[in-house]
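Q: A single structure is presented below for examination.
The values are calculated or read from the model by the stated rules, or taken from the named source; none is laboratory data. Keep in mind that what you see is a predicted model, and the values were worked out from it rather than measured. Cβ placement follows ideal geometry from the backbone for every residue including glycine, while neighbour counts extend to all protein chains displayed. Each accessible area value is taken on the protein alone, full model and side chains, heavy atoms only, with ligands, DNA and RNA left out. Shrake-Rupley method; radii C 1.70, N 1.55, O 1.52, S 1.80 Å.
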Amino acid sequence: MTAVSRSASPKAARGRRSFSLMIGAGLLGVIVVLAILAPWITPHDPLAHNLDSILAPPSSDYLLGTDHLGRDVWTRLLYAARLDLLIGVGAVITPFVTGTLLGAVAGYYGGRIDLAVSAATDMLFAFPYYVLIIALVFSLGPGIPSIFIAMAIVAWVSYARIVRGEVLSARGQQYVMAAKTLGYSDLRIIVRHILPNVITQPVTYAMSDIVVIIVGVVTLSYLGLGVPPPTPDWGSMIASGQSYLTTQWQLSTIPGIAVVIVGLSFSLIGDGLTHRLRPE
């Protein structure tokens, strides 16, 4: 019985990992497909005002009703998904690459390079993440470019710390020693031998980081520092609809639910990848 239980346990664990990954990918896939098909499956212009249908309740013509300017909420919800997902995924690329490279170099060479990178990460970690993002966007001015720049300045530190720790452990492994003995250059050892063996951690972390960035974008837009109106965005939709919560609750609630679903999907994907890519 003990042997059976021990053999069944890893299978059950792998099943839960696969289930988590499939559910997360399925949820995200539905949202992405709806966002891509938004121009063809939504009957209205997301920017068009209709003063004859201000705050209209949900109907066959307006699936989720209209907002205070008569704009179709369903249409704006899907167009907002396109933008927020694009920003969330796009804004993680630069920090991922920058942090991974800096962490790899710092962990491999050590010394002054490691001290400099560690000092920079410690300095940025001393400030609350969202407070620093808001301060940078406020200084740079509202808008999508400011969001990308702020994320690039702040978000790389986590990747650098993760990769640095992994490389510090990996550089003493036999395969690294063998590569050095064969006379391979440091660049080749880092890029072709070390990074492929340590990249799992930053990749899985990126899934949760996308959620953090999307929440950050929504927060900035809610505060009026993010995506400029009238471009559809979940944060601005939540902000503009909060005055009508007692009569038109869906104006703020539905975009909020969309943020939760996207966050849940990326979290499930990250959890599934963490266990799936981890060596048994």
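Q: Surrounded by 15 or more Cβ atoms within 10 Å (Cβ to Cβ), under 19 Å from GLY143 (Cβ atoms) and out of contact with any Cys (no Cβ under 7 Å at 6 or more places or on another chain): does that describe LEU251? Before the answer, list the steps.
A: Values: surrounded by 15 or more Cβ atoms within 10 Å (Cβ to Cβ): yes; under 19 Å from GLY143 (Cβ atoms): no; out of contact with any Cys (no Cβ under 7 Å at 6 or more places or on another chain): yes.
No.
Q: Something else now. May I ask you to list the residues in the stretch 116-154 that are in contact (Cβ under 8 Å) with a residue 24 or more places away in the chain and open to solvent by 80 Å² or more (accessible area, probe 1.4 Å)?
A: Scanning the stretch 116-154 gives PHE125, TYR130, PHE138, PRO142.
Q: So, one more: Out of the residues in the stretch 79-91 that are open to solvent by 10 Å² or more (accessible area, probe 1.4 Å) and in contact (Cβ under 8 Å) with a residue 40 or more places away in the chain, which is nearest to ILE147 (Cα to Cα)?
A: Here is the first cut: in the stretch 79-91, the ones open to solvent by 10 Å² or more (accessible area, probe 1.4 Å) are 79, 82-83, 85-86, 89-90.
Okay, now just the ones that are also in contact (Cβ under 8 Å) with a residue 40 or more places away in the chain, so 79, 82-83, 85, 89-90.
On the way: TYR79: 19, ARG82: 16, LEU83: 13, LEU85: 13, VAL89: 13, GLY90: 11 Å.
Among those that are open to solvent by 10 Å² or more (accessible area, probe 1.4 Å) and in contact (Cβ under 8 Å) with a residue 40 or more places away in the chain, it is GLY90.
Q: Tell me, yes or no, whether the stretch 95-110 has at least one residue that is at pLDDT 90 or above, of a type in the set (Phe, Trp, Tyr) and under 26 Å from VAL260 (Cα atoms).
A: yes
Q: Next up: Any idea which of (1) over 18 Å from VAL211 (Cα atoms); (2) within 17 Å of the chain's Cα centre (by Cα) is the one ALA155 doesn't satisfy?
A: For ALA155, the failing item is (1).
Q: Please pick out the residue among ASP61, ASP45, ASP67, ASP84 that is of a type in the set (D, E, K, R) and modelled with pLDDT under 90.
A: On the way: ASP45 fails: modelled with pLDDT under 90; ASP67 fails: modelled with pLDDT under 90; ASP84 fails: modelled with pLDDT under 90.
Matching residue, one of ASP61, ASP45, ASP67, ASP84: ASP61.
Q: For the stretch 6-23, state whether one or more residues are at pLDDT 90 or above and open to solvent by 20 Å² or more (accessible area, probe 1.4 Å).
A: Here is the first cut: in the stretch 6-23, the ones at pLDDT 90 or above are 22-23.
Now narrow it down to the ones that are open to solvent by 20 Å² or more (accessible area, probe 1.4 Å): 22-23.
The answer is yes, given that some residue of the stretch 6-23 is at pLDDT 90 or above and open to solvent by 20 Å² or more (accessible area, probe 1.4 Å).
Q: For the stretch 214-236, give me each residue that is small (Gly, Ala, Ser) and either more than 18 Å from ALA258 (Cα to Cα) or touching a Lys or Arg at 6+ places or on another chain (Cβ under 6 Å) (or both).
A: Within the stretch 214-236, the first condition is being small (Gly, Ala, Ser), and the residues that meet it are 216, 221, 224, 226, 235-236.
Scanning the stretch 214-236 gives a single hit, GLY224.
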